[in-house]
Amino acid sequence: MDHPNGVTGHTIRTERLRMRYIESGPADGVPVVMVHGNLSTGRFFEHLMPGAPETLRVIAPDMRGFGDTEQVPIDATRGLRDWADDTYALIEQLHITRPVHLAGWSTGGAAIANYAQDGHPVASLTFIDPVSPFGFGGIRLDGTPCFSDYAGSGGGTGNPDFIKRIADHDTSEDSPFSPRNVMNTSYWAVAHREPKEREDMLLEEVLKSVTGDDGNPGDSTPSPNWPGMAPGTRGVLNALSGKYCNWAGIGDLEPKPPILWTHGTADIVVADGSAWEMGTLGKLGFVPGWPGEEVYPPQPMVTQIRNVLEQYRKRGGRVEVEMFEGSGHGPLFDAADRWATLFFEFVASVEVPARV
């Protein structure tokens, strides 16, 4: 499936790796960089580009471990800072000198937060159903782990059938763990379906994901704590573990870029009781031996996001919040027109210097 009109694809060598990206708009336009989530690519944003204001240059790269970007390992001990550094290297290679508007979906939310926390110029931050500020899995409301080794998060939590189907380039619908079915039940509301040609294209993008210890899910280590595994040091699910992934200190930013947080209320991936998180799975009986709510409660991810952003607001930051009733993990898909209008109006409302 070709790119929409006005959207072009490119490959560029940065100081860190060879990156594939798509873009639209003028070369001297206001830069907007959109960072995708786990098991996706920059093409998941391309439907938004033809409707973008003509003053914007919208860029959506394939991140390390995904798509057509060079296959290099993810160092999970840096959390999502490999992605943050890769994004900065891309912006530098494109000779963009003004502060960028950053949008991060899911895993990409932690990456853009880390980018800002590392002191790079940022015009605004848009979090689209981001991973919790305390990482994914085995985390209590206050951000502390259920066990000191962060058991129940990281590479050992990946479903082996699902990962094998990605590696085998499975395009079927014959199992709940078929990548097509996972995409259609987890990426957006269950009632939503993308047009068939686009669905097939997006599935092909998912199937480009690197699998194994250096990609998805990553390695793991045994644990004496339930459910018997703790994070390793490689791959994307370990990078998402609270052992390494943390953007809860975003309130320390000075100056504070404006923030937009959008969330689908029917999201099953990032939720107060995520269907993908061990605390929830144990409570529902899908993982045996669950030690109970007092020891290992389901992680209240949305509440954690809200609390951290409320502190950001109390410390002088501008925060806008929009809940998309009935939307899934990606309101930019199942409520695309409304989401795009909100996002582009937010970007337009932010005044930034032309150069830094």
Check your understanding: Which members of region 250-284 meet the condition of being acidic (Asp, Glu) and under 19 Å from the mean Cα position of the chain (by Cα)?
Key -> ASP267, ASP272, GLU277
Check your understanding: How many residues does region 167-216 contain that are part of a loop (DSSP other than H, G, I, E, B), basic (Lys, Arg) and more than 23 Å from SER274 (Cβ to Cβ)?
Key -> 1
Study note, to complete from the structure: Note on region 43-85: residues under 18 Å from ASN238 (Cα atoms) and not hydrophobic (A, V, I, L, M, F, W, C) are ARG64, GLY65, GLN71, PRO73, ASP75, THR77, ARG78, GLY79, ARG81, ASP82, ASP85
Check your understanding: Any residue at all in region 101-113 that is of a type outside the set (Val, Ile, Thr) and closer than 23 Å to LEU281 by Cα?
Key -> yes
Exercise for review: Return a yes/no flag: does region 71-84 have any residue that is touching a residue at least 40 places away in the same chain (Cβ under 8 Å), surrounded by 24 or more Cβ atoms within 10 Å (Cβ to Cβ) and of a type in the set (Ser, Thr, Tyr).
Suggested key: no
Point to revise | Hits in region 107-136 - residues which are more than 15 Å from the chain's Cα centre (by Cα) and either more than 19 Å from THR87 (Cα to Cα) or part of a strand (DSSP E or B) (or both) | key: VAL122, ALA123, SER124
Review point. List pairs: first in region 177-192 and surrounded by fewer than 19 Cβ atoms within 10 Å (Cβ to Cβ), second part of a helix (DSSP H, G or I) and charged (D, E, K, R), Cβ under 6 Å, 6+ apart or cross-chain?
Key: PHE177/ASP161; HIS192/ASP334
Check your understanding: In this structure, does VAL287 turn out to be among the hydrophobic types (A, V, I, L, M, F, W, C) and under 17 Å from the mean Cα position of the chain (by Cα)?
Key -> no
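Every residue, every condition in (1) in contact with a strand residue (DSSP E or B) (Cβ under 7 Å, 6 or more places away or on another chain); (2) closer than 27 Å to ASP68 by Cα, yes or no:
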| site | (1), (2) |
| --- | --- |
| THR144 | no, no |
| SER148 | no, no |
| SER153 | yes, no |
| ILE163 | yes, yes |
| GLU173 | no, yes |
| MET183 | no, yes |
| TRP188 | no, yes |
| LYS196 | no, yes |
| SER209 | yes, yes |
Review point. Mind checking which residues of region 45-64 are open to solvent by less than 20 Å² (accessible area, probe 1.4 Å), assigned to a helix (DSSP H, G or I) and not hydrophobic (A, V, I, L, M, F, W, C)?
Key: GLU46
Point to revise | Residue that is outside any helix (DSSP H, G or I) and over 17 Å from ARG20 (Cβ atoms), where the choices are GLY104, GLY67 | key: GLY104
Practice item. Considering only region 7-44, state which residues are outside any strand (DSSP E or B), open to solvent by 50 Å² or more (accessible area, probe 1.4 Å) and touching a residue at least 60 places away in the same chain (Cβ under 8 Å). Key: GLU15, ARG16
Review point. Does ILE259 satisfy the criteria of being within 25 Å of VAL32 (Cβ to Cβ) and either buried (at least 21 other Cβ atoms within 10 Å of the Cβ) or out of contact with any Leu (no Cβ under 9 Å at 6 or more places or on another chain) (or both)?
Key: yes
Review point. Is there a residue in region 110-120 that is touching a residue at least 40 places away in the same chain (Cβ under 8 Å), closer than 30 Å to VAL319 by Cα, of a type in the set (Ser, Thr, Tyr) and open to solvent by less than 20 Å² (accessible area, probe 1.4 Å)?
Key: no
Revision key, fill the gap. Flagged in region 203-236 as closer than 13 Å to GLY152 by Cα, of a type in the set (Ser, Thr, Tyr) and open to solvent by 30 Å² or more (accessible area, probe 1.4 Å), in numbering order, are SER220, THR221
Check your understanding: Quick one: in region 85-95, which of the residues that are free of Cβ contacts under 8 Å to residues at least 60 places away in the same chain and assigned to a helix (DSSP H, G or I) is least open to solvent (accessible area, probe 1.4 Å)?
Key -> THR87
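A quick yes/no check of all residues on (1) at pLDDT 95 or above; (2) open to solvent by less than 20 Å² (accessible area, probe 1.4 Å); (3) in contact with a Pro (Cβ under 7 Å, 6 or more places away or on another chain); (4) closer than 30 Å to PRO227 by Cα:
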{"residue": "PRO288", "(1), (2), (3), (4)": "yes, no, no, yes"}
{"residue": "MET301", "(1), (2), (3), (4)": "yes, yes, no, yes"}
{"residue": "ILE305", "(1), (2), (3), (4)": "yes, yes, yes, yes"}
{"residue": "GLY316", "(1), (2), (3), (4)": "yes, no, no, no"}
{"residue": "HIS329", "(1), (2), (3), (4)": "yes, yes, no, yes"}
{"residue": "ALA336", "(1), (2), (3), (4)": "yes, no, no, no"}
{"residue": "GLU345", "(1), (2), (3), (4)": "yes, no, no, no"}
{"residue": "VAL352", "(1), (2), (3), (4)": "no, no, yes, no"}
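The values are calculated or read from the model by the stated rules, or taken from the named source; none is laboratory data. For clarity, every value in this text was computed on a predicted model and none was experimentally measured. FYI the Cβ positions are ideal-geometry reconstructions off the backbone, even for glycines, and counts take in every protein chain you see. The protein model used for the area step is the full one, side chains on, heavy atoms only, and it has no ligands, DNA or RNA in it. Shrake-Rupley method; radii C 1.70, N 1.55, O 1.52, S 1.80 Å.
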